[in-house]
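*Asks:* Structure provided below as structure tokens; questions to follow.
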Amino acid sequence: MADSAILAAGGNDAPLSYLVPGASAIRIKQIHVAYVDNGAAGDWLPAVRIVSDSSHKMGTASDQGVKVTAGSDADVSFFPGVKHAAAASASATNVFARAFRDALGGAGDPVQSVPSGSTRNGSFPHTLTTDSSVIDWTTSVLLNDTAELNAVGTYIVWATTHWSSSTPALTTTIMDASQSGFPHTADLPTGNPSFADAIGSAQSQDYNTLHVAFPSVSIHVAHGNAWVASADVQQCYFSILYIPTL
């Protein structure tokens, strides 16, 4: 039997259906679909679903590795027997990354001022990573304020800060890209400087362990000042250890 093409004209919102006539039988060799995105709320996956004459779902073709960004069109072809794209894999080795500001030690960095009643992303003059394909430092709002976690695996993250003043109103918290804290309790959730140093300056720290299954994930530290006066971050060390896990 010669191959022939069947056209199912679109024009309406997805999904588009094609009903095989009752007296016909077809063997699918290829399906090509042209999608026009007229304002999807988020990223989406092209898909084809095969449904039997008894309305039972027989199969769905969709590839997690072929994601379309919201607002983008797509021309997609589906073939029987084609495998899905390989899932993201873990890196083979441990990776360490660190960003820091140090106005008290030999680095000679300027302090980072945090006005009263405000929050600032931690900004770091110095960064390092043993593998930038796994952990990379980028600038979102302030210099080197964001760590991109680019591989499947477990990340141990911690941040320590030395403030210019001693008050429970000064905090440092590990945050995700949506500007919200991870579901964890900070080491000093109130910022209480119970181990303030000899000159009366507050030490605050936070740590968290998180698993990334769908990279990349963006994280940063937030310096919060609920005090009545401006305060300075004199030192902050933001460190990340990656452990390969699936």
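*Asks:* What residue, among those in segment 123-139 that are in a loop (DSSP other than H, G, I, E, B) and within 18 Å of the chain's Cα centre (by Cα), is surrounded by the most Cβ atoms within 10 Å (Cβ to Cβ)?
*Replies:* Residue satisfying both the conditions and the ranking: 134.
*Asks:* Name the one entry in 190, 172, 154 that is at pLDDT below 90 and surrounded by fewer than 16 Cβ atoms within 10 Å (Cβ to Cβ).
*Replies:* None of the others qualify; the one that does is 190.
*Asks:* Can you list the strands (runs of 3 or more DSSP E) found entirely within segment 24-107 that contain at least 3 residues being assigned by TED's automatic domain parsing to the domain that holds residue 159 and at pLDDT 75 or above?
*Replies:* Strands (runs of 3 or more DSSP E) meeting the threshold: 95-102.
Quick grid of which residues meet (1) at pLDDT 90 or above; (2) among the small types (Gly, Ala, Ser); (3) assigned by TED's automatic domain parsing to the domain that holds residue 143:
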site: 179; (1), (2), (3): no, no, yes
site: 182; (1), (2), (3): no, no, yes
site: 195; (1), (2), (3): no, no, yes
site: 198; (1), (2), (3): no, yes, yes
site: 204; (1), (2), (3): no, yes, yes
site: 219; (1), (2), (3): yes, no, yes
site: 228; (1), (2), (3): yes, no, yes
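The values are calculated or read from the model by the stated rules, or taken from the named source; none is laboratory data. Not measured: the values here are computed from a predicted model. Neighbour counts run over all protein chains shown; Cβ positions are idealised from the backbone, glycine included.
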